[in-house]
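Scroll down for the structure; my scribbles are underneath it.
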Ligand code: GTP
Ligand code: MG
């Protein structure tokens, strides 16, 4: 919607120009001519008001794109060791190294590699969280680590994770976990996965399989290397300059500091002090903290951060949009709240249950 004029917007929305002009007047926006480009937030607000489903299109044209770290999510069957694996990986993370232990829980962490490259792990495992975020348009995950217990083998939720990843077009790296167990049979796991249509590398495909033990902490460096290799093949890049496009990974209410959101920047740079709309909430970013809990001025792509200063609690998967002023932020937030409320009421009247809430 960036730079769209009211004429183009009217065409897209199937609305008359006077109707859109009236909306502009209602939100206090002066548009001199219908040939003037609208700012992105105004265009979005107007589009929302006339009921078109808005997916913000940020233009990367002309902007410099640079390599960025991969964002990784862990999935797998219940009890196969997702949390244990994340904990083990977390201990090799930047936070663990710098802070001499993990003091605070950010919902994401970074593992730095000897080569200088790094991997960002999202600490929100679970298919529900993954699909809820995807359903809300928050495709933050680049790679899925599929955890399969070597003694238990492929189970229903293993397959569910595979289909989620496939549906999202996200490549899988398999971590065969619990390889320390006497009953471990990694070869059986591989055959099971292959028979489920996963094209494993050792069988001529491109899905890497790494044998690990989260408890004995073996194979972790190999897993990290595998993820790095996968990331390299994907040639992940992002625009660094310009307004941030970011997503909430997790949010919580802190007694003293108010609503806190763990977020990942997808593109651009988020800067402390900016006015933002987050889902249907808004605020001015009062503080940005990195994975070590250190205050920082700005956040670049794939960097997990915690932001403070929102007026309300956002939801996982909410988008973070930077706007020019408090007034804009408030206006866009109100517009979105109205729209969400309308949708909610419509859903209730249709008798549909809200299936987008993560149950994990
Ligand atoms: P849910 O979140 O409940 O789905 O489980 P999870 O996948 O997070 O598994 P979790 O990490 O909680 O581990 C489940 C059990 O398996 C725990 O008792 C762990 O100690 C054990 N476990 C996890 N990884 C390993 C491993 O590498 N070896 C052995 N022997 N046990 C493990
Ligand atoms: Mg767990």
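The values are calculated or read from the model by the stated rules, or taken from the named source; none is laboratory data. Because the structure is predicted, anything quoted here is derived from the model rather than measured. All Cβ positions, even for glycine, are placed from backbone atoms using ideal geometry, and neighbour counts span all protein chains on display.
What are the residues in segment 2-34 that are touching a helix residue (DSSP H, G or I) at 6+ places or on another chain (Cβ under 7 Å), modelled with pLDDT under 80 and over 25 Å from residue 277 (Cα atoms), if any?
34
Please state which one of 307, 285, 321, 348 is modelled with pLDDT under 95 and assigned to a strand (DSSP E or B).
Just one listed residue meets the conditions, 321.
Assess whether residue 121 counts as being touching a helix residue (DSSP H, G or I) at 6+ places or on another chain (Cβ under 8 Å), buried (at least 19 other Cβ atoms within 10 Å of the Cβ) and in a strand (DSSP E or B).
When the stated conditions are applied, residue 121 passes them.
Only one residue in 175, 214 is within 14 Å of ligand 1 (Cβ to nearest atom) and within 26 Å of residue 316 (Cα to Cα). Which one?
175
Which pairs have Cβ atoms under 8 Å, sit 6 or more apart or on different chains, and link a residue in segment 201-222 that is farther than 18 Å from residue 182 by Cα and in contact (Cβ under 8 Å) with a residue 40 or more places away in the chain to one that is within 16 Å of ligand 2 (Cβ to nearest atom) and in a helix (DSSP H, G or I)?
Pairs found: 220/88; 220/89.
Quick grid of which residues meet (1) out of contact with any strand residue (DSSP E or B) (no Cβ under 7 Å at 6 or more places or on another chain); (2) within 22 Å of residue 118 (Cβ to Cβ):
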residue: 179; (1), (2): no, no
residue: 182; (1), (2): yes, no
residue: 201; (1), (2): no, no
residue: 206; (1), (2): yes, no
residue: 222; (1), (2): no, yes
residue: 226; (1), (2): no, yes
residue: 236; (1), (2): no, yes
